[in-house]
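The values are calculated or read from the model by the stated rules, or taken from the named source; none is laboratory data. Treat the numbers as computed from the prediction; the structure is a model and nothing was measured. Every residue, glycine among them, receives a Cβ derived from its backbone with ideal geometry; neighbour counts consider all protein chains shown. To get the accessible areas, we keep the full protein, side chains included, count just its heavy atoms, and leave off ligands, DNA and RNA. Shrake-Rupley method; radii C 1.70, N 1.55, O 1.52, S 1.80 Å.
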Amino acid sequence: MNLVRNLFGSSIGRKFIMALTGLVLIGFVFGHLVGNLQVFAHPDKINGYAHFLQSLGPVLWLVRIGLLVCVGLHIWAATALTLESRRARGSESYGVKTWIQAGFASRYIRWSGYVVLGFILYHLAHFTVGVAQADTYKTALPAHTLTSDYHVLGFTVVPAGTRVHDVHQMVVLGFQPPLVSLFYIVAVGLLSLHLLHGMDSLFQTLGWRNASWSRSLRTVVTLLCVAYFAASLVIPGAVLTGALKPAPAVKTASAQ
Amino acid sequence: MVAVNTQKLFSVTLRVWRQSGPAQPGKFVDYPAKDLNPNMSFLEMLDVVNDELAAQGIEPIAFAHDCREGICGTCSCTINGKPHGPGKGIATCQTYMRSFSDGDTIVVEPFRARAFPVIKDLVTDRAAFDKIQQAGGFITARAGSAPDANALPIAKGDADLAMDAAQCIGCGACVAACKNASAMLFVSAKVSHLGLLPQGQAERNRRVLAMVNTMDALGFGSCTNQYECSAACPKLISHDFIARMNRDYLKASFRSAFKAAPANTGGGGA
């Protein structure tokens, strides 16, 4: 079918796939960040939230698979387009070539992408699978008993008294090694840089950008990226500086 | 305000790409360019250097040129790493030697892209652009006597925008400037200039699909939204046209997929 060929086989189609998957992933990273900021509230908040997400079962897997497909397609499109573009440039390179106006974020988008990919893999190993830093993974920590109900949209989804994994403790302990925190800070910095070009670009690729509002778009994108970086920096930053400490442990039996 | 019209002669060193044929390896060769009038155009300077080379029995530097007034798109050359040289919104032929200073080394290379093979020295084969044009850069019009002027109302804004796109002279600087050797600025200008006008509507979907698919098949790269193309363009064609082409291409792809097809005709769909 021509539509499938045009989307997966043409230059503009592949860019479209890159933009759409990027849009989904931007939505995810911002949502993920807002969820994570609950670490600054009472441990009941983030622990109840984590328990709620885990209890979604098949829905959780649907979302996870959807996100993995997006990451996969995003990387596939980037790789295919880059290889094609390299071939297009030809074998003879310029003796002298100057950049006229391309920005820093756009010139290093591939490199920021590599670091972000490495970061995602470590992040999953660290907090999702529990392979990295296994001694502070949630299953190795004492369980947390919720002292208040956890609500979503006004509905109680996890009642008080439920024994849940202590994600709050896992995050705080997980960020205590300075190297881990620094890696997170550098990686979210590069992710913000990646988004600085990516968010702007997706409007161009989808055909929603023109000179009359490209400056406002650029400003909004820059503010969002700075806000994203600042808010992401705060979590490992607070642990490193000691502002965010492990909650006084309620001595109970280990979780399963 | 009148520019300082100095006649003080000066000299530069040209570092020129010399390549005797498409399959031959090329290399940079330095030539002195002495006693230049600052008000010479870059191409006139090359003429002067070539006269001297010919007198010495050296093969003159081959370079493409035609109108020398910035409207034909024949002249090319990447000068000091920027297609068409240092000026903004001008072609090589309208780059003047006063843009350079005494003692400069000026690096002159052909436009480089796999789709623009070098024929000789600074001359490249840009026939790929013609092939893209042939794929869809036309409209269907009744031949015969000219229609009445203004018989077809066109909004002023659309007409102006179409004219902005139509300013493209097809020189290939966009491809030469792009790190991906992407032709999207050229193709988007051609797609938009016809697609914005009522006369271009009949082929609108077919045009964008055919031109983009031909562009891909000819081995041009894709757009990374760095906008080096519009910055290098001698006609300052806006990259807004690329956004417009992206939208048109996606729309046409979806439309052609779900559109009813006539039962008994051979083609002409999309």
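Amide H contacts for B:Thr124 (H built 1.01 Å from N in the peptide plane; partners 5 or more residues away or on another chain; cut-off under 5 Å): B:Ile119.
The figure for A:His197 is an accessible area of roughly 20 square angstrom, using a 1.4 Å probe on the protein chains alone.
Out of the total accessible area of segment B:126-258 (probe 1.4 Å, heavy atoms of protein only), what percent is carbon and sulfur? So the carbon and sulfur contribution to the accessible surface is 56 percent.
Taking only DSSP H segments of four or more residues, each worth -39500 (n - 2.57), what value at 222 nm results for chain A once the sum is divided by all its residues, to the nearest 500 deg cm²/dmol?
So the calculated ellipticity at 222 nm is -21500 deg cm²/dmol.
Here the dipole of segment B:136-270 is about 320 debye; that uses its Cα centre as origin and unit charges on the Cβ of Lys and Arg (positive) and Asp and Glu (negative). Divide the volume of the convex hull around the Cα atoms of chain A by the residue count and you get 177 Å³ per residue. Protein heavy-atom accessible surface, 1.4 Å probe, per residue over chain B: 46 Å². Computed across segment B:126-258, the Kirkwood hydrodynamic radius from all distinct Cα-Cα pairs reaches 15.2 Å. Both radii are taken from the alpha-carbon atoms of the protein assembly as shown; with Rh as the Kirkwood radius, Rg/Rh is 1.09.
Quantify, in whole percent, the carbon and sulfur part of the accessible surface of segment A:12-171 (1.4 Å probe; protein heavy atoms only). Show your work: numbers first, answer last.
Working: 5870 of 8360 Å².
About 70 percent, which is the carbon plus sulfur part of the accessible surface.
The 1.4 Å probe gives accessible areas that order A:Met18, A:Met199, largest first, as A:Met18, A:Met199. Straight-line reach from B:Lys179: which lysines have Cα under 28 Å away, leaving out those fewer than 8 places along the same chain? Output for B:Lys179: A:Lys15, A:Lys97, B:Lys27, B:Lys82, B:Lys88, B:Lys120, B:Lys131, B:Lys190, B:Lys235, B:Lys251. The accessible area of B:Thr74, taken with all protein chains in place and a 1.4 Å probe, comes to roughly 40 Å². Sequence-ordered 3J(HN,Hα) estimates for segment B:23-28 from the Karplus curve with 6.51, -1.76 and 1.60 and θ = phi - 60° stand at 9, 7, x, x, 7, 7 Hz, glycine and proline given as x.
Under the criterion of Cα pairs below 8 Å and six or more residues apart, the relative contact order for segment B:10-120 equals 34 percent.
Amide H contacts of A:Asp149 (H built 1.01 Å from N, in plane; Pro and chain starts excluded): A:Ala160 sit under 5 Å, all sequence-distant by 5 or more or on other chains. With the whole protein complex present, B:Phe258 retains an accessible surface near 150 Å², based on a 1.4 Å probe.
The lysines within cross-link reach of A:Lys138, meaning a Cα-to-Cα straight distance under 18 Å and a gap of 8 or more places when in the same chain, are A:Lys45, A:Lys245, A:Lys251. Pairing chain A with chain B buries about 3800 Å² of accessible area. This figure sums both sides and uses a 1.4 Å probe.
The mean sequence separation of alpha-carbon pairs under 8 Å and at least six residues apart, normalised by the residue count of segment B:126-258, gives a relative contact order of 33 percent. The largest accessible area among A:His51, A:His144 belongs to the first residue in A:His51, A:His144, and the rest follow in falling order (1.4 Å probe, all chains). Neighbouring Cβ atoms from other chains, within 10 Å of the Cβ of residues in B:227-239, number 2 on average. The accessible-area loss of segment B:81-107 on complex formation, taken against its chain alone with a 1.4 Å probe, reaches 10 Å² or more at B:Gly81, B:Lys82, B:Val107. Compute the angle between helix B:184-195 and the longest alpha-carbon principal axis of chain B, please, reported from 0 to 90 degrees and rounded to the nearest 10. That helix lies at roughly 40 degrees to the long axis. 3J(HN,Hα) couplings calculated from phi for segment B:115-120 with the Karplus curve 6.51 cos²θ - 1.76 cosθ + 1.60 (θ = phi - 60°) are, in sequence order, 6, 10, x, 6, 8, 6 Hz; Gly and Pro show x.
In terms of its Cα atoms, segment B:10-120 spans 36, 35, 23 Å along the principal axes, sorted from long to short.
Between the amide H of B:Gly85 and those of B:Ile79, distances stay under 5 Å, these residues lying 5 or more places away or on another chain, with hydrogens modeled in the peptide plane. Residues of segment A:198-215 that bury at least 40 Å² of accessible area when the other protein chains are present, relative to the chain alone (probe 1.4 Å, heavy atoms, ligands and nucleic acids excluded): A:Gln204, A:Gly207, A:Arg209.
Whole-Hz Karplus values for segment B:223-240 come out as 8, 10, 6, 9, 6, 5, 4, 5, 6, 8, 5, x, 10, 6, 4, 7, 6, 4 Hz, taken residue by residue from phi with 6.51 cos²θ - 1.76 cosθ + 1.60 and θ = phi - 60°; glycine and proline positions read x. Remark: accessible surface ordering of A:Trp111, B:Trp17, A:Trp99 (largest first) is A:Trp111, A:Trp99, B:Trp17, probe radius 1.4 Å. Against chain A, whose longest principal axis comes from its Cα atoms, helix A:178-205 is set at around 40 degrees.
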